[in-house]
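Trainee: Here you go, one structure.
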Amino acid sequence: GSRVFRSRSLSPAGFNATAVFDFEFKGHTYPPPRRAGGASWTTGREGMQRLVDADRLIPVGQSLDYVYYHDDFPLTEIANIWAETRGAVDKLYSVQTDTSIIERCILMTTDPGDLVFDPTCVRKGTRVLAPLNPPVNGGTPPYPPPVNGGTPPYPPPVNGGTPLCDPPDI
């Protein structure tokens, strides 16, 4: 009979120096999947051979994917996973968090109008709730219009868009 499955990439989360090789499968040679850190497989040659022996590989485009059957683990944990978030791109630091995650954390833990203090100044004064293009020379900030004549949904930037602290760019 048939079984429900999905294909999953055999590309590791980071570069795997022990798994850089071309792999032959059903008469075709496949290079390792390419990611930002380089091209490598999730597992080594022995692991790839075990996947062949278990009939768990499927060609997808110019690469190989893992065959993940629904009944391998039919349970799914209900959690608060933020699937649409990702790691920071163009990192300056190895542990840098993407701005979208910081934005969400601030939005979950503050109310409109709250002053957010960033003692590390890592995000240049935590301008994550300020406009993406702050006004120049104290001009009018491009905030959304106030609701029912109230105040803007977040405080205006300090000194017309200049953060309280501004570490030098690296």
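Trainee: Restricting attention to segment 65-105, and to residues there that are among the aliphatic types (A, V, I, L, M) and touching a helix residue (DSSP H, G or I) at 6+ places or on another chain (Cβ under 8 Å), which single residue is farthest from Tyr30 (Cα to Cα)?
Mentor: Among residues in segment 65-105 that are among the aliphatic types (A, V, I, L, M) and touching a helix residue (DSSP H, G or I) at 6+ places or on another chain (Cβ under 8 Å), the one farthest from Tyr30 (Cα to Cα) is Ile102.
Trainee: Six or more apart or on different chains, Cβ atoms under 8 Å: show the pairs whose first residue is in segment 76-95 and surrounded by 10 or more Cβ atoms within 10 Å (Cβ to Cβ) and whose second is in a loop (DSSP other than H, G, I, E, B) and modelled with pLDDT under 70.
Mentor: none
Trainee: Hey, can you tell me all the residues within segment 16-42 that are among the β-branched types (Val, Ile, Thr) and touching a helix residue (DSSP H, G or I) at 6+ places or on another chain (Cβ under 8 Å)?
Mentor: Correct list: Thr42 only.
Trainee: Here is a follow-up. Restricting attention to segment 1-17, report how many residues are part of a loop (DSSP other than H, G, I, E, B), under 11 Å from Thr42 (Cα atoms) and small (Gly, Ala, Ser).
Mentor: Counting residues in segment 1-17 that are part of a loop (DSSP other than H, G, I, E, B), under 11 Å from Thr42 (Cα atoms) and small (Gly, Ala, Ser) gives 3.
Trainee: Suppose we filter segment 30-56 for residues that are within 30 Å of Val89 (Cβ to Cβ) and in a loop (DSSP other than H, G, I, E, B); how many remain?
Mentor: Summing the residues that are within 30 Å of Val89 (Cβ to Cβ) and in a loop (DSSP other than H, G, I, E, B) in segment 30-56 gives 10.
Trainee: Restricting attention to segment 23-74, and to residues there that are loosely packed, with under 12 Cβ neighbours inside 10 Å and touching a Pro at 6+ places or on another chain (Cβ under 9 Å), which single residue is farthest from Arg6 (Cα to Cα)?
Mentor: The selected residue is His28.
Trainee: Something else now. Is it the case that segment 77-92 has a residue that's among the basic types (Lys, Arg), more than 30 Å from Ser2 (Cα to Cα), part of a strand (DSSP E or B) and at pLDDT below 90?
Mentor: no
The values are calculated or read from the model by the stated rules, or taken from the named source; none is laboratory data. No experiment lies behind these values; they were computed from the predicted model shown. Note that each Cβ is placed from the backbone with ideal geometry, even for glycine, and that neighbours are counted across all protein chains shown.
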